[in-house]
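Dropping the structure in here first, questions after.
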C-alpha cells in the first residue's frame, strides 16, 4: 500500500530474491521512461523502496505521481 508522507508517495516491495526485484525495477524503469516521470528508489537484495514526488511542482505529490504509482502497482500484481 502506498503511503503519503513528507510530500512523497512511498512504498516498499518485497520479492523472492534479487533477480526478481531487479526484473521488477526494469519493468518500472520502462514505464517511468514512457511517462517521463522517474522515481527515487533503492534496492537491497529482495526489497525495492520507491518514493514519488514531482520536482517541477515543488517536490510534492501530484497526479503524475499517482499515475505512476498506479502503473507500478499493476506491474507488481502481474509478477
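For the residues 64, 19, what sequence is obtained by ranking on other C-beta atoms within 10 Å, fewest first?
Ascending Cβ contact count within 10 Å gives the list 19, 64.
So if each residue of separation counts as 0.36 nm, and I subtract the Cα-Cα distance between residue 66 and residue 14, what length gain in nm does that give?
Extra length from residue 66 to residue 14 when fully extended: 16.7 nm.
At R0 = 22 Å, how high is the FRET efficiency between residue 30 and residue 55 if r is their beta carbon distance? Nearest 0.05 is fine.
FRET efficiency, residue 30 to residue 55: 0.60.
Percent relative contact order of the range 3-78, based on C-alpha pairs within less than 8 angstrom and at least six residues apart?
In percent, rounded to a whole number, it is 36.
Given the rule -39500 (n - 2.57) for each run of at least 4 DSSP H residues, summed and divided by the residues of the chain, what is its mean residue ellipticity at 222 nm, to the nearest 500 deg cm²/dmol?
-14500 deg cm²/dmol
To test your reading of the geometry: what angle, between 0 and 90 degrees and rounded to tens, separates the Cα axis of helix 18-35 from the longest principal axis of the chain?
That works out to roughly 30 degrees.
Let me ask something else about it. Hey, what angle do you get for helix 63-78 against the long axis of the chain, alpha-carbon based, 0 to 90 degrees rounded to 10?
On a 0 to 90 degree scale, this one is about 10.
Here's another thing I want to ask about it. If R₀ is 22 angstrom, what is the calculated FRET efficiency for the pair residue 76 and residue 6, using the beta carbon separation as r and rounding to 0.05?
0.45
Further, regarding this structure: If the chain between residue 22 and residue 46 were fully stretched, how many nm would it gain, using 0.36 nm times the residue separation less the Cα-Cα distance?
Here the answer is 7.8 nm.
Taking the number of other C-beta atoms within 10 Å as the exposure measure, put 11, 49 in order starting with the fewest.
Exposure proxy ranking, most exposed first: 49, 11.
Order these by the 10 Å Cβ neighbour count, fewest first: 35, 1.
So the residues, fewest neighbours to most, are 1, 35.
Values in this text are rule-based calculations from the coordinates and carry no lab data. Computed from a prediction, not measured in an experiment: that's the story for all the values here. Quick reminder, even Gly has a Cβ in these numbers, built from the backbone with ideal geometry, and neighbours come from all protein chains shown.
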